[in-house]
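Below is one structure, written out as structure tokens; the observations come after it.
Any read-out appearing in this document is the output of simple, stated calculations on the displayed coordinates, not a laboratory observation. If you're wondering where the values come from, they're calculated on a predicted model, not measured in any experiment. Cβ placement follows ideal geometry from the backbone for every residue including glycine, while neighbour counts extend to all protein chains displayed.
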Amino acid sequence: MVCVNADVEQDNNDLLPTEEEQSSVEKTAYTNEIAAIVNNEIITMERVRMDVAPLLQQIQGMSTSEEDFRRRLHAAELETLNGIINRKLIVNEFLERGGKFSEAYEKREYENYLKNVFAGNRLELSKFLKEYGKSVREFKKDVKERAIVGFMIRELRASQMEVSPAKIKEYYDDHRDEFFRNGEIDLKQIVLINNDECQSKLRAIQSELASGADFHKVAGKYSDNMGFYNMGYVSRGDLVSDVSQAIEGLGVGEYSREVALGNAICIFFIGGERPAKQLTLEEASQAIEDKLCRQYEEEARVRWIQKLRSKAYIKVYINDQDSETKSKD
């Protein structure tokens, strides 16, 4: 395995806990709210709840009752716990192979995470840590573990064989319906927020378009969301009924009547059209290759995780019934 140059102390403890250690841990499992044991390491419910905490609002919003909330929360805790277990197994595998990160690399990963997640704002990081009860040390450890997992996943991805032309053709022949493209139109829009100025703007737009003004220039002059002016190529069948009705019968270069959508008034324009067609093998090959690569990578990842789990001692306490997997070694 290619490793980043580093100084990381390896855990020299045996993978499996001793009988005495295991007995001691299991006796206190429920009183100390242990979620799981992975080899000789304990994962607490506090750690699981800490990782689930940012999802609570979303879970509450999706729940239809208190019972439904508890069910969804339990499922989220189990999923999160499995993620933590997998991460620890991957980190152990990294260390067992002699993997090392330099202090400079760790610092760079930490700074990148801070930049990508908190926009480089250390105050926001501090608020986050305080809100979810994490120390800076725990947070840095999490970032390091995620960096290791990312490195190992990239290594796994790089080890996968390229998709052969024969496999691409086989997939194309078996899934031709996937590569039939419906007719599409290049749809553009002018959007006006429905406020006091809306009607005067609308009259000016209608006057300029009626006199043959360029739709793009009119949109640039009046539209309240110029960033969404160009909707790109879309299928008529994918549009909401109000928009579909407004552009019904319009051809390339024609614009619609005004359409009220929520708190906005919209005018649509058809800039181009692509007829329905069956994509050729050549046209579809890149999409097929990308799809098969993702599929093969996911299958390899699942097999890899299963192999790591089969070699480990794992006992989970938060299922309805305890589950236990012992190493085959």
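Distances over 37 Å make up what percent of all Cα-Cα pairs in the chain? That fraction is 48 percent. Using only Cα coordinates, the Kirkwood hydrodynamic radius of segment 182-273 works out to 13.2 Å. The lysines whose alpha-carbon is closer than 26 Å to the alpha-carbon of Lys277, local same-chain residues fewer than 8 away aside, are Lys167, Lys169, Lys188, Lys291.
Name the residue from Gly262, Ser200, Leu239 whose Cα lies farthest towards the positive end of the charge dipole of segment 182-273, charges +1 on Cβ of Lys and Arg and -1 on Cβ of Asp and Glu. Comparing the listed Cα positions along the dipole, Ser200 ranks first.
For the listed residue pairs Lys134/Lys315; Lys107/Lys311; Lys88/Lys130, the alpha carbons are over 28 angstrom apart in Lys107/Lys311. Would any residue of segment 147-178 have its amide N under 14 Å from a label point 7 Å out along Cα→Cβ of Lys291? List them or say none. Answer for segment 147-178: 167-178. For segment 204-248, the convex hull drawn through the C-alpha positions has a volume of 104 cubic angstrom per residue.
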